[in-house]
Amino acid sequence: MTGTDNILSARGVRKTYGSFVALNSVDFDLPKGERHALIGPNGAGKSTLVACIAGQLPGVEGSILFKGHEVARLMPAELAKRGIGRTFQISRAFLQMTVLENLTSAHIISAGRWASLSKSLLAEATDKAGAMLATVGLSDRAQTKVADMSLGDRKRLEFGMALACDPDLLLLDEPTAGMSIKERHYLMDLVAQRVDETGKTLLFVEHDIDVVLKIAQRVTVMVRGSILATGAPTEIAANEQVQAVYLGGHH
Amino acid sequence: MSRSLRMTPARWAALGAAIIAIELANRVGGPGMSLVLAEMLILALFASSLNLLMSYGHMVSFGHSAFFGLGAYGFTLMVTKAGLPVEAALVFGPLAAALGGLVFGALCVRLTEIYFAMLTLACAQITFTVLFQWYDFTGGDTGITGFMDARFGLSEANFATLTLVVLGVCLAAMARIINSPLGMSIRSVGQDRWRAEALGLAPRRVQLVAFVIAAFFAGIAGTLFAVSQGSAFPDYAGLGFTLDALIMVVIGGLHSFWSGVIGAVIFTQLRHWAPLFTDHWELALGIILLVIVIALPHGVASVAGKLARMLGLEGRK
Amino acid sequence: MIWVQLVNGLMEGMMLFLIASGLTLIFGVSRIVNFAHGSLYMLGAFLTYALVPLVGPGTVAGFFAAVLLAGVATAAIGTAFEVLALRRIYGSDPLMQLIITVALVFIIRDVVRWIWGANSVTVPAPDALMGAFVIGGNYYPVFPFVIFGAGLVVVLVMIGIIRFTRAGIILRAGTDDRGMAALLGINERLIFTGVFAAGSFLAGIAGGMAAPYGDVNYLLDTTVIVSAFIVCVIGGLGNLYGALAGAMLVGITKAMGVLYFPRLSMVLIFLIMAVVLIARSLGRQGGPAR
């Protein structure tokens, strides 16, 4: 589904670390409701771009419009409130808390009531968390400490947490890294399903070409801080430049 | 971690037994015992306030004694300088401590980990030095004495009971905070501030709230301590009390609500009975700490938990 | 008067650097905050007190020999602690590591009090060092100059080792990138122990050298450790040259503070540390990109 409405528009986004240019004046448009993959070799700047959009990096130059508003220099918490949900490349969750507690926290935070002392709010959030558990298929792990869980389950949890805030844009940074093939497809099918059901937009960084071909409606290839090509997955796969740089080799 | 707060019937029974044991020792053991118990319970409150910060907020403070001292002096100065009656002045101790927590906290939460700890140390040492040097206002190193009858004039036993009640109320309040959305937020930021931030939480704000709450309860402990001694000294804000509190929390274990209490009980009893057997109580303490850290990295509370489970006293894991 | 204080400040700054350098190197390499560093300083002072009468008493060479021996003994004790206790908890909760060093503080303090009592002791320095000389009508004590000079020698040797020897290169690699150093087959354990030993040695000789000039008692450890922390923080934990700058700043501020704001000199120093920390925090924002 392509709309003329872009939920995200980046112009001239540039991020340097000293003399190292991680992102070199990137222009990028993301239509609302699209499932978009970001691929490229290591060091291409994919995670950096995601981190810039998520507000995590200082010193970002250029403009990033989200839902029409300039957000390039806002903090992550502010962006979360505006509707960006994200997962991290190295899965981040509240390790010493149970799965249920993690999701409960996510719901409390998204309700904006973090400072409340209300037990009923806590109960409400716990109920919602239970529902989210079912959505991501972790109901049998409600009382498990996250630190004791497998990577695949943690990634599913993280996805659930990102969903809990009902974001309009989901930023997933290598959501399937380290997972078995079966787990990968399970998770991404789940992601795609949720995204479509709720009309959300998805931008995900991915290395597994099968997943990309299956899930993405459009693909952007990045190399050394710049965008090399953008288009439908099959187009990109056939693109000679892309093949030379990335797909030609193995991954 | 709030697992340690889940009160099963077995745990209620254990708690009840502990309270009865303390009261018994209080009434039967004589005034000397009562004084020791009162000190133990006050330190338990102090250590629990630090525990709140450390076990739940994952914020290691090297300057918690600042609030203990501010609590003592906030109360005392209201009596000596503002002429307030003792009962009315009591509320100003925790208030001064909370204010200190707000000011120091606003600065300290800008940093993380070791630098956060260092700044808290600086704040505490500044507090101590000001109390120590500002002779005209705070009485300097000679402290403030003789402004009230120690313990409100209560008998040692009655005062110890009072501290037990205050401790109970404060612990209940802390438990309420932990088992609330605020408690979850504090724990979230403590576990992974980036994850919390990506969900929409401003970590510094949450940490500041946790800091102020911990300072408030430390202030209550400091006020009680001033009452128990009938005096206030700059030492109350000194490194000694900070180290004591850190040791108590570590002995108790870092992942339990009860760490502060358990640690305070063990530490205070050790401090009182060890000198009877040896001149070298600090050596003993050092060695015990070494052993605990090496052998029991999760402190005594974890052992107590395991023991209880082994004995079948816990309903679930 | 001001120049005399300046000279005192230089000496104090140099001693502070010797202590802080060990502390900051230990942190840089093994990420341990050694609360017991002040205790090692104190140990060096007391050991010097014990050794001076035994090693050419009254002579300058004897004094420095005693200091060196005290330093070596302190290093031995520090090494023993590192091997027996600290090693077991590398990689665990930083708070645990901290508490274990606090445990050492209690142990050393008690042992010192056990052996030498609760009263202050005076370390007799050779007469040659306790005189004064005149420049431009002012009397300057000899001792701070000499100690400053001795400290400078140690600093130069330290820098020489770090820059020009294999051990030094390994140390720098270890501080910069531990994972890489490990990959290169450098024995991490040996580096950790070596750094702790060196740090203990430095603290010990600092304690010994400064001993004749001040009070030596069992409370020395806490005053010293707080100042050392401040210096390390101001200079940046792990940053040796920063520690040098910080130490001189703190030493001179303290000495001048005694002249101009006697009651607030410590507060001033804490304020400097607080300002440095906060200024640093303003340059930071955001989080990990991954």
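Every number here is computed from the coordinates shown, using simple stated rules; none is lab data. Bear in mind that the values here come from a model prediction, so they are computed numbers and not experimental data. Note: ideal-geometry Cβ built from the backbone for every residue, glycine included; neighbour counts use all protein chains shown.
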Worksheet item: Looking at the square roots a ≥ b ≥ c of the eigenvalues of the Cα gyration tensor of chain A, which shape do they give, rounded for a/c under 1.5, prolate if a/b is larger than b/c, or oblate?
Response: prolate
Item to complete: Over the alpha-carbon set of the stretch A:49-198, divide Rg by the Kirkwood Rh and report the Rg/Rh ratio to two decimals.
Response: 0.97
Discussion item. Give me the one-decimal nm value for the distance between modelled label points at A:Leu117 and C:Trp114, 7 Å along each residue's Cα-to-Cβ direction.
Written reply: 4.9
Discussion item. Give me a comma-separated list of calculated 3J(HN,Hα) values for the stretch A:55-61, in order, Karplus coefficients 6.51, -1.76, 1.60 applied at θ = phi - 60°, integers in Hz, x for any Gly or Pro.
Written reply: x, 8, 10, x, x, 8, 9
Worksheet entry | Percent of beta bridges antiparallel (DSSP, the protein assembly as shown, rounded to nearest 5) | 60
Discussion item. 5 Å is the cut-off here: which amide hydrogens, built 1.01 Å from N in the peptide plane, fall below it relative to A:Val26, excluding neighbours closer than 5 in sequence?
Written reply: A:Gly12, A:Val13, A:Arg14
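Thinking of chain C as a set of Cα atoms, what percent of all their pairs are more than 24 Å apart? Don't skip to the end; give the middle numbers.
Values: 21747 of 41905 pairs.
Pairs farther apart than 24 Å: 52 percent.
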Worksheet item: Going by the alpha-carbon gyration tensor, a ≥ b ≥ c the square roots of its eigenvalues, is the stretch B:2-238 rounded (a/c under 1.5) or, if a/c is not under 1.5, prolate (a/b greater than b/c) versus oblate?
Response: oblate
Item to complete: Please list the non-local residues whose amide H lies under 5 Å from the amide H of B:Gly253, H modeled 1.01 Å from N, same-chain partners needing a gap of 5 or more.
Response: B:Val300, B:Ala301
Response to the item:
Hull volume per residue for the stretch C:82-154, using the convex hull of the C-alpha atoms, in Å³ is 195
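Under 1.5 on a/c is rounded, so check that first for the protein assembly as shown, then, if it is not, pick prolate when a/b is larger than b/c and oblate when it is not; a ≥ b ≥ c are the square roots of the alpha carbon gyration tensor eigenvalues. Mind dumping the intermediate values first?
Details: a/c = 2.09, a/b = 1.37, b/c = 1.52.
Oblate.
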Fill in: For C:81-94, mean number of other protein chain Cβ atoms within 10 Å
2
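Name the helices (complete DSSP H segments) of chain B with a Cα length along the long axis of 24 Å or more and a Kyte-Doolittle mean of at least 1.6, or state none. Mind showing how you got there, number by number?
Numbers: long enough: B:9-28 (28 Å, 0.95); B:30-51 (31 Å, 1.44); B:113-133 (30 Å, 1.38); B:156-178 (33 Å, 1.73); B:203-229 (39 Å, 1.31); B:259-277 (27 Å, 0.96).
Flagged H segments are B:156-178.
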Response to the item:
Using the Kirkwood formula on alpha carbons, the hydrodynamic radius of the stretch B:87-226 in angstrom works out to 17.2
Worksheet, complete the sentence: Among B:Gln229, B:Leu208, B:Met78, the residue whose Cα sits farthest towards the positive end of the charge dipole of the stretch B:2-238, when +1 is placed on the Cβ of each Lys and Arg and -1 on the Cβ of each Asp and Glu, is B:Leu208
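Using a Förster distance of 25 Å, how high is the FRET efficiency between C:Leu271 and B:Ala82, based on the Cβ-Cβ distance and rounded to 0.05?
On the way: r = 28 Å, r/R0 = 1.13.
E(calc), rounded to 0.05, equals 0.35.
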Worksheet item: What's the extension gain from C:Val258 to C:Asp127 if we count 0.36 nm per residue and subtract their Cα-Cα distance?
Response: 44.5 nm
Worksheet item: Using the Karplus equation 6.51 cos²θ - 1.76 cosθ + 1.60 (θ = phi - 60°), what ³J(HN,Hα) coupling, rounded to whole Hz, does each residue of the stretch C:73-85 give in order, writing x for Gly and Pro?
Response: 4, 4, 4, 4, 5, x, 4, 4, 4, 4, 6, 7, 10
Worksheet, complete the sentence: Taking Cα pairs closer than 8 Å and at least 6 residues apart, the relative contact order of chain C in percent is 40
Worksheet, complete the sentence: Over all Cα pairs of the stretch B:211-287, the Kirkwood radius sets Rh, and Rg/Rh then becomes 0.99
Practice prompt. Search the structure for amide H atoms under 5 Å from the amide H of A:Val223, placed 1.01 Å from N in the peptide plane, and list their residues when 5 or more places away or on another chain.
Written response: A:Leu228
